[in-house]
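Undergrad: Provided herewith is a single structure, encoded as C-alpha coordinates, for subsequent inquiry.
The values are calculated or read from the model by the stated rules, or taken from the named source; none is laboratory data. Since the model is a prediction, treat every value here as computed from it, not as a measurement. Heads up, the Cβs are rebuilt from the backbone with ideal geometry, glycines too, and the neighbour counts pull from every protein chain shown. Accessible surface is based on the protein model in full, side chains and every heavy atom, while ligands, DNA and RNA are left aside. Shrake-Rupley method; radii C 1.70, N 1.55, O 1.52, S 1.80 Å.
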Amino acid sequence: MLQKKTSLILTAIISLVLLFSSSVYAYVPLKTGYLSPSIRFAPQGLPSQYESALISAAASWNAASTKVYISRDANADNTVIMGNLSDTQIFGSYTPQFLDRHGQASQFQIWINQTAVVNQTTLGKDFWNVAQSIFAHELGHALHIGDLRSGDVLMNQLRDRNKIVKPQPDDINGVNAYVYPKQ
(Lines give C-alpha, C1' and ligand atoms only; values in the text may rest on other atoms or scores of the structure.)
Protein backbone atom coordinates (compact mmCIF):
# COMPACT_ATOMS: atom_id res chain seq x y z
CA MET A 1 0.00 0.00 0.00
CA LEU A 2 2.81 2.39 0.92
CA GLN A 3 4.66 1.55 -2.31
CA LYS A 4 1.53 2.23 -4.36
CA LYS A 5 1.03 5.66 -2.71
CA THR A 6 4.71 6.51 -3.20
CA SER A 7 4.51 5.44 -6.84
CA LEU A 8 1.41 7.56 -7.42
CA ILE A 9 3.00 10.59 -5.76
CA LEU A 10 6.17 10.22 -7.84
CA THR A 11 4.12 9.85 -11.02
CA ALA A 12 2.16 13.00 -10.15
CA ILE A 13 5.34 14.97 -9.42
CA ILE A 14 7.01 13.84 -12.65
CA SER A 15 3.87 14.70 -14.61
CA LEU A 16 3.74 18.18 -13.10
CA VAL A 17 7.42 18.77 -13.82
CA LEU A 18 6.98 17.71 -17.44
CA LEU A 19 3.84 19.80 -17.79
CA PHE A 20 5.45 22.98 -16.50
CA SER A 21 8.81 22.47 -18.19
CA SER A 22 7.38 22.03 -21.68
CA SER A 23 7.15 24.92 -24.11
CA VAL A 24 7.48 28.18 -22.27
CA TYR A 25 7.02 31.11 -24.59
CA ALA A 26 9.51 33.95 -24.40
CA TYR A 27 7.23 36.91 -24.75
CA VAL A 28 5.23 39.15 -22.49
CA PRO A 29 2.48 41.55 -23.51
CA LEU A 30 3.03 45.29 -23.38
CA LYS A 31 -0.20 47.24 -23.12
CA THR A 32 1.26 50.53 -24.38
CA GLY A 33 2.15 49.36 -27.88
CA TYR A 34 1.06 51.19 -31.02
CA LEU A 35 -2.65 50.99 -31.83
CA SER A 36 -2.26 49.83 -35.43
CA PRO A 37 -0.46 46.95 -37.15
CA SER A 38 0.68 49.48 -39.77
CA ILE A 39 3.55 51.56 -38.40
CA ARG A 40 5.24 54.47 -40.12
CA PHE A 41 8.34 56.05 -38.61
CA ALA A 42 10.39 59.14 -39.38
CA PRO A 43 14.12 59.10 -38.61
CA GLN A 44 15.21 62.48 -37.28
CA GLY A 45 18.77 63.61 -37.86
CA LEU A 46 20.21 60.10 -38.15
CA PRO A 47 23.38 59.45 -40.15
CA SER A 48 22.68 57.40 -43.30
CA GLN A 49 24.30 54.22 -41.92
CA TYR A 50 21.81 54.27 -39.05
CA GLU A 51 18.88 54.83 -41.40
CA SER A 52 19.94 51.79 -43.41
CA ALA A 53 19.99 49.69 -40.24
CA LEU A 54 16.52 51.01 -39.30
CA ILE A 55 15.12 50.09 -42.69
CA SER A 56 16.59 46.59 -42.34
CA ALA A 57 15.08 46.23 -38.87
CA ALA A 58 11.65 47.23 -40.19
CA ALA A 59 12.06 44.83 -43.11
CA SER A 60 12.87 42.00 -40.68
CA TRP A 61 9.51 42.51 -38.94
CA ASN A 62 7.74 42.81 -42.30
CA ALA A 63 9.28 39.51 -43.45
CA ALA A 64 8.18 37.74 -40.25
CA SER A 65 4.94 35.78 -40.23
CA THR A 66 2.89 38.57 -38.67
CA LYS A 67 0.21 40.95 -39.88
CA VAL A 68 2.29 44.05 -39.30
CA TYR A 69 3.81 46.43 -41.80
CA ILE A 70 6.49 48.92 -40.80
CA SER A 71 7.85 51.60 -43.11
CA ARG A 72 9.97 54.72 -43.18
CA ASP A 73 8.00 57.88 -43.92
CA ALA A 74 9.51 61.33 -43.50
CA ASN A 75 6.05 62.71 -42.60
CA ALA A 76 5.21 60.12 -39.92
CA ASP A 77 4.35 61.19 -36.39
CA ASN A 78 6.35 58.30 -34.89
CA THR A 79 9.98 59.35 -34.64
CA VAL A 80 13.34 57.68 -34.24
CA ILE A 81 16.03 59.84 -32.67
CA MET A 82 19.74 59.25 -32.07
CA GLY A 83 21.23 60.52 -28.83
CA ASN A 84 24.21 60.04 -26.56
CA LEU A 85 24.24 58.78 -23.00
CA SER A 86 27.36 57.92 -21.06
CA ASP A 87 25.51 54.88 -19.65
CA THR A 88 26.26 52.24 -22.27
CA GLN A 89 23.85 49.80 -20.57
CA ILE A 90 20.97 51.78 -22.05
CA PHE A 91 20.77 50.89 -25.74
CA GLY A 92 17.44 52.45 -26.63
CA SER A 93 13.98 53.32 -25.44
CA TYR A 94 10.41 53.21 -26.64
CA THR A 95 8.22 56.04 -25.37
CA PRO A 96 4.50 55.72 -26.08
CA GLN A 97 2.54 58.96 -26.44
CA PHE A 98 -1.14 59.88 -26.47
CA LEU A 99 -2.52 56.71 -24.91
CA ASP A 100 -6.13 55.83 -25.71
CA ARG A 101 -8.62 54.50 -23.17
CA HIS A 102 -7.18 50.98 -23.63
CA GLY A 103 -3.63 52.19 -22.98
CA GLN A 104 -2.44 51.94 -26.58
CA ALA A 105 -0.25 54.63 -28.08
CA SER A 106 -1.42 56.66 -31.05
CA GLN A 107 2.13 57.96 -31.42
CA PHE A 108 5.56 56.97 -30.13
CA GLN A 109 9.20 57.94 -30.08
CA ILE A 110 12.12 55.53 -30.28
CA TRP A 111 15.45 56.74 -29.03
CA ILE A 112 18.77 54.99 -29.81
CA ASN A 113 21.86 55.53 -27.66
CA GLN A 114 24.68 56.18 -30.13
CA THR A 115 27.26 55.85 -27.34
CA ALA A 116 26.11 52.27 -26.64
CA VAL A 117 26.29 51.37 -30.35
CA VAL A 118 29.79 52.81 -30.70
CA ASN A 119 30.89 51.09 -27.48
CA GLN A 120 29.71 47.73 -28.82
CA THR A 121 31.66 48.21 -32.05
CA THR A 122 34.85 48.89 -30.06
CA LEU A 123 34.23 45.50 -28.40
CA GLY A 124 34.41 43.86 -31.83
CA LYS A 125 30.68 43.79 -32.58
CA ASP A 126 29.42 44.68 -36.05
CA PHE A 127 27.97 48.21 -36.19
CA TRP A 128 25.18 47.24 -38.58
CA ASN A 129 24.05 44.28 -36.48
CA VAL A 130 24.03 46.22 -33.21
CA ALA A 131 22.07 49.17 -34.63
CA GLN A 132 19.58 46.87 -36.37
CA SER A 133 19.13 44.75 -33.23
CA ILE A 134 18.43 47.80 -31.07
CA PHE A 135 15.86 49.26 -33.45
CA ALA A 136 14.15 45.92 -34.11
CA HIS A 137 13.91 45.42 -30.33
CA GLU A 138 12.36 48.86 -29.78
CA LEU A 139 9.90 48.18 -32.62
CA GLY A 140 8.93 45.06 -30.70
CA HIS A 141 7.68 47.36 -27.92
CA ALA A 142 5.58 49.26 -30.46
CA LEU A 143 4.17 45.84 -31.40
CA HIS A 144 3.09 45.24 -27.77
CA ILE A 145 5.95 42.96 -26.70
CA GLY A 146 7.74 43.65 -23.41
CA ASP A 147 11.33 43.14 -22.27
CA LEU A 148 12.74 39.81 -21.16
CA ARG A 149 15.92 38.92 -19.32
CA SER A 150 16.47 35.46 -20.80
CA GLY A 151 16.13 33.46 -24.00
CA ASP A 152 17.54 33.68 -27.50
CA VAL A 153 14.98 36.24 -28.55
CA LEU A 154 15.03 39.80 -29.81
CA MET A 155 13.13 41.08 -26.78
CA ASN A 156 15.78 39.81 -24.34
CA GLN A 157 17.51 42.89 -22.90
CA LEU A 158 20.67 40.80 -22.40
CA ARG A 159 20.81 39.27 -25.92
CA ASP A 160 23.93 39.30 -28.06
CA ARG A 161 23.12 42.28 -30.29
CA ASN A 162 25.70 41.10 -32.78
CA LYS A 163 23.85 37.81 -33.36
CA ILE A 164 20.16 38.41 -32.64
CA VAL A 165 19.21 41.18 -35.05
CA LYS A 166 15.71 40.21 -36.14
CA PRO A 167 12.55 38.72 -34.62
CA GLN A 168 12.85 35.12 -33.46
CA PRO A 169 9.95 32.61 -33.41
CA ASP A 170 8.91 33.49 -29.84
CA ASP A 171 8.97 37.24 -30.68
CA ILE A 172 6.73 36.54 -33.67
CA ASN A 173 4.43 34.33 -31.59
CA GLY A 174 4.11 37.15 -29.08
CA VAL A 175 3.09 39.65 -31.73
CA ASN A 176 0.61 37.19 -33.22
CA ALA A 177 -0.85 36.22 -29.84
CA TYR A 178 -1.12 39.63 -28.21
CA VAL A 179 -1.18 42.28 -30.84
CA TYR A 180 -3.47 41.62 -33.76
CA PRO A 181 -4.61 37.99 -33.50
CA LYS A 182 -8.03 38.54 -35.05
CA GLN A 183 -7.12 40.69 -38.04
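Undergrad: Which residue pairs have Cβ atoms under 8 Å apart, sit 6 or more places apart or on different chains, and have a first residue in the stretch 88-100 that is without any contact (Cβ under 8 Å) to a residue 12 or more places away in the chain and among the aromatic types (Phe, Trp, Tyr) and a second that is surrounded by 14 or more Cβ atoms within 10 Å (Cβ to Cβ) and assigned to a strand (DSSP E or B)?
TA: Phe98/Ala105; Phe98/Ser106; Phe98/Gln107
Undergrad: Just to check your reading of the model, which residue among Ala58, Ala64 is under 13 Å from Phe41 (Cα atoms) and open to solvent by less than 60 Å² (accessible area, probe 1.4 Å)?
TA: Working: Ala64 fails: under 13 Å from Phe41 (Cα atoms).
From the options Ala58, Ala64, the qualifying one is Ala58.
Undergrad: If a residue has to be within 14 Å of Phe135 (Cβ to Cβ) and not polar (S, T, N, Q) to count, how many in the stretch 25-79 make the cut? Write out each step before concluding.
TA: Within the stretch 25-79, the first condition is being within 14 Å of Phe135 (Cβ to Cβ), and the residues that meet it are 39, 41-44, 46-47, 49-62, 70-72, 78-79.
With the extra rule that they be not polar (S, T, N, Q), the set shrinks to 39, 41-43, 46-47, 50-51, 53-55, 57-59, 61, 70, 72.
Final tally of qualifying residues: 17.
Undergrad: Say whether the condition of being within 18 Å of Pro43 (Cβ to Cβ), of a type in the set (Val, Ile, Thr) and either out of contact with any Cys (no Cβ under 6 Å at 6 or more places or on another chain) or in a strand (DSSP E or B) (or both) is met by at least one residue in the stretch 136-152.
TA: Checking the stretch 136-152: not a single residue is within 18 Å of Pro43 (Cβ to Cβ), of a type in the set (Val, Ile, Thr) and either out of contact with any Cys (no Cβ under 6 Å at 6 or more places or on another chain) or in a strand (DSSP E or B) (or both).
Undergrad: Among what's in the stretch 124-183 and is aromatic (Phe, Trp, Tyr) and open to solvent by less than 50 Å² (accessible area, probe 1.4 Å), pick the residue that is nearest to Tyr69 (Cα to Cα).
TA: Restricting to residues being aromatic (Phe, Trp, Tyr) and open to solvent by less than 50 Å² (accessible area, probe 1.4 Å), the top hit is Tyr180.
Undergrad: Kindly indicate whether any position in the stretch 25-45 is among the hydrophobic types (A, V, I, L, M, F, W, C), modelled with pLDDT of 90 or more and over 19 Å from Val175 (Cα atoms).
TA: yes
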